[in-house]
Amino acid sequence: MTAAPPLLEVRDIHHAYRLPRERLFAPPPLVQALSGVGFEIAAGRSLGIVGESGSGKSTLARIVMALDTPTAGSVRLLGQDLHALAPGALRAARRDFQMVFQDPYGSLDPRRTVARTVAEPLAAQGHASRAEQHERALEALAEVGLRPTDGSKYPHEFSGGQRQRIAIARALVTRPRLIVADEPVSALDVSVQAQVLNLLQDLRERLGLSYLLISHDLAVVQHLCDEVAVLHQGRIVERGTPAALFGHAQHPYTRALVDAVPAMVV
Amino acid sequence: MLEVSDLHIHLPTRRGMAEAVRGVDFTLARGGTLGLIGESGCGKSLTALALMGLLPEGARATGSIRFEGQELLGQSDRALQRLRGNRIAMVFQEPMTALNPVHPIGHQVAEPLRLHRSLGAAEALRAAVALLDRVGIPDAARRARDYPHQFSGGQRQRITIAMALACGPDLLVADEPTTALDATVQRQILRLIQELVAERGMALLLISHDLGVIAQNVGRMLVMYGGSVVESGPTAEVFSAMRHPYTRGLFAARPRLGQPLGPGQRLPTIAGTVPELADLPAGCPFAGRCAWTQQRCHTERPEATVLHDGHEVRCLRPEAMA
């Protein structure tokens, strides 16, 4: 008997961005954003990626979501190499992995009803009828604690926390196995953050989801993830369980991150 | 030095004028440090803007703000301009919006000196370079000629701090000065602000949504909710004995590094959501969301109860939280 492949397998990702030319006849300068990043996520487990601005964490999220093609390396979801798929096959594969963005104000179309926004990934899949899409959208809204009547409203009628619930409902509507969440609570107030974090935890337990959580906030990552990887200048410098990593950091960069968290005691 | 009493701010909203700040009182002595903490819409930033005379169009402030005995409310724009950037200076959350992208930074740091101290261009620039050096911009004399986009976010915030310090203000108002920065940079900037406050004997009003930042950086704190100060006191005292249900709720809602919850456990949340300004209850602003709400909480405005050491709480049932 062979072991099932991991849900997500990221292998030796290298990625370089080309900057605008500085001189007419010189080649444009390259920025090495990621250098040999690799990890796996088993089904139902969650991994947090922590790092500061410029560490490459959002580039990594875009590559895992197959929104950018890496210079080298592979991303396999359920054994399929996402970057080798034909466009049609990639679209079909997207039902298994969805994304939640940081800004709940910018990520929802203000001119569409909430139900249509939530149904969007299903519409992109192209199988479901309009009626079926609508029904699944309402189910997803219920999943995140919103009412069916909320489906016919527009984003501006909701608070930041509720908008993030809508964005999460949109990610859930295709019943994915993996959700990539890039700073999902950092734009929210502290008391609203707690509500959304609890929701993400409930959903993981109820639906067996995996998260790839990108965050600068160590406490949030500790709260939601089974494992953490620290990204620094495009490389994973340390990884482990939150308790091991934040309790006994080995790498100086991890230690600097842990030390920089202001303690909530006087 | 600064005495704010019974400050009320009314704002125009789609549903008419709403009271966004509802009777805020505090004092700040020379060299003192005070933190304002609360969530979006609690009135903390409006309170700071009122001090600077920078309230949004159509807003109306009543009550009293006295700075060195001088009443600031109702002052002309010209009189306030003489204070701003001079005796009272401000550092904002987003340094890129506070800096002018088309002027070299040395010029911008020198500007308040030319404006308020009537220094000549060369002299003001020399002073600006010294300030940039003090806030930790390496090779300040050369870099003074560079533009804001040539600096990192943390360096830009150092530059706005240099600008705020230029005239040696008596009061520095810092509104979320590190929220847009990485954690390791946040720590450096807060340390810089602390050093400068100690070194120059300025008073500091620090506004933040982050309990950790408040705990580590100010001597006294005010917790705001729904336009009111619900709890205030020496920071150490408030942290060791939080008495307002909102303060406790806010503290509990934040996941804590090194103290993970057990399996199946959830973060304690505050029920409901912040009401719109126009819908705030007539009584305690936290009524309805608070687990200890009684009938009278909806109608009676709680007075401040003094616990000890200047620790005050505005709650009709402070004994329930003892």
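The values are calculated or read from the model by the stated rules, or taken from the named source; none is laboratory data. Values in this document were obtained by computation on a predicted structure and should not be read as measured data. Every residue, glycine as well, gets a Cβ built from its backbone with ideal geometry; the counts of neighbours run over all protein chains shown.
Scanning the range B:179-211 for residues that are in a helix (DSSP H, G or I) and either more than 8 Å from chain A (Cβ to nearest Cβ) or surrounded by 19 or more Cβ atoms within 10 Å (Cβ to Cβ) (or both) yields a total of 18.
Examine the range B:236-244 for a residue that is aromatic (F, W, Y), under 22 Å from the mean Cα position of the chain (by Cα) and more than 8 Å from every other protein chain (Cβ to nearest Cβ), and state whether such a residue exists. Looking for residues that are aromatic (F, W, Y), under 22 Å from the mean Cα position of the chain (by Cα) and more than 8 Å from every other protein chain (Cβ to nearest Cβ), one finds none in the range B:236-244, hence no.
Is it the case that the range B:260-274 has a residue that's surrounded by fewer than 18 Cβ atoms within 10 Å (Cβ to Cβ), more than 9 Å from chain A (Cβ to nearest Cβ) and charged (D, E, K, R)? No, the range B:260-274 contains no residue that is surrounded by fewer than 18 Cβ atoms within 10 Å (Cβ to Cβ), more than 9 Å from chain A (Cβ to nearest Cβ) and charged (D, E, K, R). Taken together, the residues in the range A:45-70 that are in contact with a helix residue (DSSP H, G or I) (Cβ under 8 Å, 6 or more places away or on another chain) and of a type in the set (G, A, S) amount to 5. If the condition is being assigned to a loop (DSSP other than H, G, I, E, B) and under 20 Å from B:S208 (Cα atoms), then the range B:30-52 contributes B:G31, B:G32, B:G38, B:E39, B:S40, B:G41, B:C42, B:G43. Entry remark, the range B:278-295: residues being crowded, with 20+ Cβ neighbours inside 10 Å and under 18 Å from B:P12 (Cβ atoms) number 1 in total.
For the structure I just gave you, tell me whether B:R256 is charged (D, E, K, R), closer than 25 Å to A:A263 by Cα, within 7 Å of chain A (Cβ to nearest Cβ) and part of a loop (DSSP other than H, G, I, E, B). Spelling it out, B:R256 is indeed charged (D, E, K, R), closer than 25 Å to A:A263 by Cα, within 7 Å of chain A (Cβ to nearest Cβ) and part of a loop (DSSP other than H, G, I, E, B).
Scanning the range A:233-249 for residues that are assigned to a loop (DSSP other than H, G, I, E, B) and closer than 16 Å to A:V37 by Cβ, we see that the one that is farthest from the other protein chains (Cβ to nearest Cβ) is A:G234. Within the range A:147-161, the residues that satisfy the criterion of being out of contact with any helix residue (DSSP H, G or I) (no Cβ under 8 Å at 6 or more places or on another chain) and within 14 Å of chain B (Cβ to nearest Cβ) are A:H156, A:E157.
No other residue among A:V144, A:V190 is among the β-branched types (V, I, T), without any contact (Cβ under 8 Å) to a residue 60 or more places away in the chain and facing chain B (nearest Cβ under 10 Å) apart from A:V190. Annotation for the range A:165-185: at least one member residue is within 12 Å of chain B (Cβ to nearest Cβ) and within 20 Å of the chain's Cα centre (by Cα).
Taken over the range B:296-322, the residue count meeting the criterion of being part of a helix (DSSP H, G or I) and either under 25 Å from the mean Cα position of the chain (by Cα) or surrounded by 14 or more Cβ atoms within 10 Å (Cβ to Cβ) (or both) is 3. Just one of the listed residues (B:T273, B:T178) is over 15 Å from the mean Cα position of the chain (by Cα), closer than 25 Å to B:A20 by Cβ and among the β-branched types (V, I, T), namely B:T273.
Taking the condition β-branched (V, I, T), at negative phi and surrounded by 15 or more Cβ atoms within 10 Å (Cβ to Cβ), does A:T69 pass? No; evaluated as a whole, the condition is false for this residue.
A quick yes/no check of all residues on (1) within 22 Å of the chain's Cα centre (by Cα); (2) in a helix (DSSP H, G or I); (3) surrounded by fewer than 20 Cβ atoms within 10 Å (Cβ to Cβ):
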{"site": "B:N86", "(1), (2), (3)": "yes, no, yes"}
{"site": "B:M90", "(1), (2), (3)": "yes, no, no"}
{"site": "B:H107", "(1), (2), (3)": "no, yes, yes"}
{"site": "B:E111", "(1), (2), (3)": "no, yes, yes"}
{"site": "B:R114", "(1), (2), (3)": "no, yes, yes"}
{"site": "B:A124", "(1), (2), (3)": "no, yes, no"}
{"site": "B:A130", "(1), (2), (3)": "no, yes, yes"}
{"site": "B:I137", "(1), (2), (3)": "no, no, no"}
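This table checks each residue for (1) more than 13 Å from B:Y225 (Cα to Cα); (2) touching a residue at least 40 places away in the same chain (Cβ under 8 Å).
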{"site": "B:Y246", "(1), (2)": "no, yes"}
{"site": "B:L250", "(1), (2)": "no, yes"}
{"site": "B:R256", "(1), (2)": "yes, no"}
{"site": "B:P263", "(1), (2)": "yes, no"}
{"site": "B:A271", "(1), (2)": "yes, no"}
{"site": "B:G288", "(1), (2)": "yes, no"}
{"site": "B:T299", "(1), (2)": "yes, no"}
{"site": "B:E312", "(1), (2)": "yes, yes"}
{"site": "B:R317", "(1), (2)": "yes, no"}
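On the stretch given as the range B:212-235, residues that are away from chain A (no Cβ under 14 Å) and more than 17 Å from B:H311 (Cα to Cα) total 1. In the range A:78-178, counting only helices (runs of 4 or more DSSP H) that sit wholly within it, the ones holding 2 or more residues that are surrounded by fewer than 17 Cβ atoms within 10 Å (Cβ to Cβ) and of a type in the set (A, V, I, L, M) span A:87-93, A:114-125, A:130-143. When the test is whether a residue is buried (at least 18 other Cβ atoms within 10 Å of the Cβ) and within 12 Å of chain B (Cβ to nearest Cβ), A:V196 passes it. Counting only residues that are buried (at least 16 other Cβ atoms within 10 Å of the Cβ) and either over 19 Å from B:F67 (Cα atoms) or touching a Phe, Trp or Tyr at 6+ places or on another chain (Cβ under 8 Å) (or both), the range B:4-20 holds 6 of them. For A:A194, are the conditions met, namely being closer than 26 Å to B:L261 by Cα and modelled with pLDDT under 95? Here the answer is yes, as A:A194 does meet what is asked. Number of residues in the range A:200-212 that are closer than 18 Å to B:L267 by Cα and more than 10 Å from chain B (Cβ to nearest Cβ) equals 4. Taken together, the residues in the range A:213-225 that are more than 15 Å from the chain's Cα centre (by Cα) and either more than 20 Å from B:I270 (Cβ to Cβ) or at pLDDT below 90 (or both) amount to 2. Restricting the first member to the range B:17-29 and to residues that are within 23 Å of B:L204 (Cα to Cα), and the second to residues that are of a type in the set (K, R) and assigned to a strand (DSSP E or B), no beta-carbon pair is closer than 7 Å while six or more apart or on different chains. Of the residues making up the range A:250-266, those that are within 11 Å of chain B (Cβ to nearest Cβ) and either in a strand (DSSP E or B) or out of contact with any Phe, Trp or Tyr (no Cβ under 6 Å at 6 or more places or on another chain) (or both) number 11.
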